[in-house]
Amino acid sequence: MSDGFMLLNHNLFWPLLIGCLVLLGFFVWKEWHQKGQSRFWIKIAVACIGLTSLFLLILKPATPKDTTTGKAIVLTEGYRAEQLDSLKKVFKRIKSEEYVSGKSLSIIEDVDSLFLLGHGVPLYDFWQLEGKSVQFLGGEAISGWTQIHHTDELELGEELKVQAQYQNPQKEYWAVLKDNGGNPLDSVQFEEGEEQLVQFTVQPKASGHFVYQLEEKNAEGALVSSEPIPFIVEDREPLHILILNTFPTFESKYLKNYLAEKGHQVLVRSQLTKNKYKFEYFNRDTQPIYQLSKQALEAFDLLVFDVESYQNLGRSASTVLKESMAENGLGVFIQPSGNLFTLSKNQLPIGFDADFNTDISLGNPPQSLQKYPFAFQQEFPLQPIKMDSTTIAAYLPQGKGKMGTSLLQNTYQLVLDGKPDSYAAIWTEILDALVPQFEKSASWEMVTDIPRVDEPANFWVHSSTNPLEVEIEASSKLPLLQDVPIPSRWKGVQYPRKKGWNQLQIPADSTSQFSYFVFGKNERTTVSQQNVYEQNQRYFGQGKSSNAQVSATSKKMEPISPLWFFVPFLLSMGWLWLEPKL
């Protein structure tokens, strides 16, 4: 045996060799009486040929050959034909198969190494490639929308923000955002380059389920492509807010105006003299409040104090305030002033440390805002309220309610400087953190980025109901898998049958309906291609060296055809049988 030749049944070598020598000796003994004749030596030669052929026929000699039987090519959307041709030139007999969503790859059964061409295999079909050595080689460059991000759910009055990235845009083409009635809302002209980011901000005027369109148009105004922008607008529940001031301030003036413009029901009580108050009513009935009773506070979601009003609370009012927070979920906000940072822990359970920093930067581009020269003491269970990763306020849980305050000073200055959006963003963060939220019996999360018809749409549902049942639009039920670490979380998979809005719901709870949008076959295609490409690149990596492809060629020992030994053996035995009869 050598590096270029081997016997597959080499373990039979010595037994066969001895057996063949015994047979040859027996044949010589049998024919020994003819030793003086030439035919004796001819018979011996033919017998040697026959026994040698039998010897090799059983031992199966083999020689090494280049092979690609352990390799195959999987073609996915966007593969390059020239890349396929180059692989087939290197691997002469390599097989290939085109991937089809929803069908199993038949070519991978007999291979252990794969070349993956194109944009890749969707995440839900990665299981087909498990246990294989996969070299992901990529495919054609993607042109079109590669990212589309937008708000999925918003409240009436909030802005819809759409951010999209276009790969390889055409100069003088346009991106146009249209509402569900086909009316253009905003547009951006493309510039020449590798990619361009476009952003739109619009404010829907009604509540409901909407599907806007992000269109691409050429220089002549003809439609090139259109992508749906689905979102849900929910009616805003107005908050009931009580503001108590020892005397009117600019901070309270601009805050009450902002809250009133947002449709909240606001009652402002400002103290003029002892036991004499001025009341202002916004979006509510004229019903004054002189004393803080538990019954009076039940009508409010948020109570805003200035420091002096909070300090002047009597023992009875303080007890009522604590009970309303703990039992009814009342939110309390104390407007900061210099006196706030002198209160003891008995008066205010939130602690501060001096940091001597009187400026803070927020937003993009950054804008400076005044703050008090203090920072919150990071003590559990204090929770920071952040904006752009910067702490602007904090709150302390008080039973079902919360008590909070801020470090910012004179936020109304943003309005005077012509930056009402920044002012609104600050107070939205603070209000959302302090105001008690409506407790839903179930919360839903669609895990699949782009659900499609007849493709798996994975979702999570959080509910305390056990066991939990989920229905598809009040028809068939879906099986759920309970999460072991978090028993209130359940995983489900739905295969949508129609494009557009689809619903899931919990039969026992009519308020738990979940709406999600299913995209058509030709919608969000380039976004899907980009997502699939990135998933494959992260999971498999991407081969870039042709040397790696050549070195992947393997040697396999291939047996020599047995006919080369069987035919001589048959002819030899036949001649030895016929020779005495001739």
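Side notes on the structure shown:
- Some residue of the range 15-24 being touching a residue at least 40 places away in the same chain (Cβ under 8 Å), farther than 29 Å from Y124 by Cβ and assigned to a helix (DSSP H, G or I): yes
- Residues in the range 57-79 include at least one that is open to solvent by 30 Å² or more (accessible area, probe 1.4 Å), under 30 Å from W577 (Cα atoms), at pLDDT below 90 and part of a helix (DSSP H, G or I).
- Members of the range 90-100 that are open to solvent by 60 Å² or more (accessible area, probe 1.4 Å) and within 30 Å of the chain's Cα centre (by Cα): E98, V100
- Among residues of the range 374-384 being surrounded by fewer than 16 Cβ atoms within 10 Å (Cβ to Cβ) and not in a strand (DSSP E or B), the one that is farthest from the chain's Cα centre (by Cα) is Q377.
- Checking each residue in the range 136-149 for being touching a strand residue (DSSP E or B) at 6+ places or on another chain (Cβ under 9 Å) and open to solvent by 40 Å² or more (accessible area, probe 1.4 Å) picks out A141, S143, Q147, H149.
- The helices (runs of 4 or more DSSP H) found wholly in the range 285-335 and carrying at least 3 residues that are aliphatic (A, V, I, L, M) occupy 315-328.
- Residue within the range 219-241 that is outside the structural domain of W427 (by TED's automatic domain parsing), open to solvent by 60 Å² or more (accessible area, probe 1.4 Å) and of a type in the set (A, V, I, L, M, F, W, C) present: yes
- Residue within the range 207-214 that is modelled with pLDDT of 90 or more, of a type in the set (S, T, Y) and in the same structural domain as F333 (by TED's automatic domain parsing) present: no
- Complete set of residues in the range 183-230 that are free of Cβ contacts under 8 Å to residues at least 24 places away in the same chain and either charged (D, E, K, R) or in a strand (DSSP E or B) (or both): P184, D186, S187, V188, Q189, E191, E192, K205, E220, L223, S226
- The range 260-277, subset open to solvent by 60 Å² or more (accessible area, probe 1.4 Å) and part of a strand (DSSP E or B), residue modelled with the highest pLDDT: K276
- When F566, F540 are checked against the criterion of being at pLDDT below 90 and not assigned by TED's automatic domain parsing to the domain that holds L116, F566 stands alone in meeting it.
- Just one of the listed residues (A433, A442) is buried (at least 17 other Cβ atoms within 10 Å of the Cβ) and at pLDDT 85 or above, and it is A433.
- Pairing each residue of the range 409-435 that is over 17 Å from T249 (Cα atoms) and in the same structural domain as G263 (by TED's automatic domain parsing) with any residue that is assigned to a loop (DSSP other than H, G, I, E, B) and small (G, A, S), provided the two are 6+ apart or on different chains, yields C-beta distances under 8 Å for S422/G363; A425/G363.
- Among (1) open to solvent by 50 Å² or more (accessible area, probe 1.4 Å); (2) in contact (Cβ under 8 Å) with a residue 60 or more places away in the chain; (3) assigned to a strand (DSSP E or B), the one test that S361 misses: (2)
- Listed by first and then second residue, the pairs linking a residue in the range 500-512 that is in contact (Cβ under 8 Å) with a residue 12 or more places away in the chain to a residue that is outside any strand (DSSP E or B) and open to solvent by less than 30 Å² (accessible area, probe 1.4 Å), with Cβ atoms under 8 Å apart and 6 or more places separating them unless they lie on different chains, are N502/P451; N502/P496; I506/L468.
- Among the conditions (1) among the aromatic types (F, W, Y); (2) open to solvent by less than 70 Å² (accessible area, probe 1.4 Å); (3) on the phi > 0 side of the Ramachandran plot, Y395 misses just one, which is (3).
- Count of the range 307-334 residues which are more than 40 Å from the chain's Cα centre (by Cα) and open to solvent by less than 10 Å² (accessible area, probe 1.4 Å): 3
- When L255, L267, L272, L244 are screened for being in contact with a strand residue (DSSP E or B) (Cβ under 8 Å, 6 or more places away or on another chain) and either within 17 Å of Y423 (Cβ to Cβ) or not assigned by TED's automatic domain parsing to the domain that holds Q311 (or both), only L255 passes.
- Per-region count, the range 101-122, residues assigned to a loop (DSSP other than H, G, I, E, B), open to solvent by less than 70 Å² (accessible area, probe 1.4 Å) and within 30 Å of P496 (Cβ to Cβ): 7
- V484 meets all of the listed conditions (1) farther than 30 Å from L239 by Cα; (2) in contact (Cβ under 8 Å) with a residue 40 or more places away in the chain; (3) open to solvent by 90 Å² or more (accessible area, probe 1.4 Å) but one, namely (2).
- For M387, the test of being within 24 Å of L303 (Cα to Cα), modelled with pLDDT under 85 and buried (at least 18 other Cβ atoms within 10 Å of the Cβ) is passed.
The values are calculated or read from the model by the stated rules, or taken from the named source; none is laboratory data. These numbers come from a predicted model, not from an experiment. Counting neighbours? That spans all protein chains shown, and the Cβs are built from the backbone with ideal geometry, glycine included. Side chains included, ligands, DNA and RNA excluded: accessible areas come from the protein's heavy atoms. Shrake-Rupley method; radii C 1.70, N 1.55, O 1.52, S 1.80 Å.
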